[in-house]
């Protein structure tokens, strides 16, 4: 599952950034919800939490909050990728 996550989610992150940049709140909410589910499935709790915060910011239409959450989401994704790459290299 790590391999699928690593191969698919960078595209979704880019789509999330694009939706945020364009102000497409509904698309942003949908993408955050999808990533949240994938993160929950493989146990990447901090990514899931960031996605939940992003989803909630979209529900209230608060793009400023969404932008600040996006920074945290990108950092959590970097850490998750690093862990997954290391795990896959060792196993």
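The values are calculated or read from the model by the stated rules, or taken from the named source; none is laboratory data. All values reported here derive from a predicted model rather than from experimental measurement. So basically every Cβ, Gly included, is an ideal-geometry build from the backbone, and we count neighbours across all protein chains shown.
Annotations
- Scope region 1-19; condition in contact with a helix residue (DSSP H, G or I) (Cβ under 9 Å, 6 or more places away or on another chain), farther than 13 Å from residue 70 by Cα and surrounded by fewer than 16 Cβ atoms within 10 Å (Cβ to Cβ); matching residues: 1, 3, 4, 6, 8, 10
- Some residue of region 20-31 being surrounded by 14 or more Cβ atoms within 10 Å (Cβ to Cβ), at pLDDT below 95, part of a helix (DSSP H, G or I) and within 9 Å of the chain's Cα centre (by Cα): no
- Within region 36-59, the set of residues being surrounded by 15 or more Cβ atoms within 10 Å (Cβ to Cβ) and outside any helix (DSSP H, G or I) comprises 44 only.
- Scanning region 71-89 turns up one or more residues that are loosely packed, with under 15 Cβ neighbours inside 10 Å and more than 19 Å from residue 2 (Cα to Cα).
- Counting only residues that are assigned to a loop (DSSP other than H, G, I, E, B) and touching a helix residue (DSSP H, G or I) at 6+ places or on another chain (Cβ under 7 Å), region 60-70 holds 1 of them.
- Listed by first and then second residue, the pairs with beta-carbon distance under 8 Å, at least 6 apart or on different chains, first residue in region 6-25 and at positive phi and touching a residue at least 12 places away in the same chain (Cβ under 8 Å), second assigned to a helix (DSSP H, G or I) and surrounded by 13 or more Cβ atoms within 10 Å (Cβ to Cβ), are 23/63.
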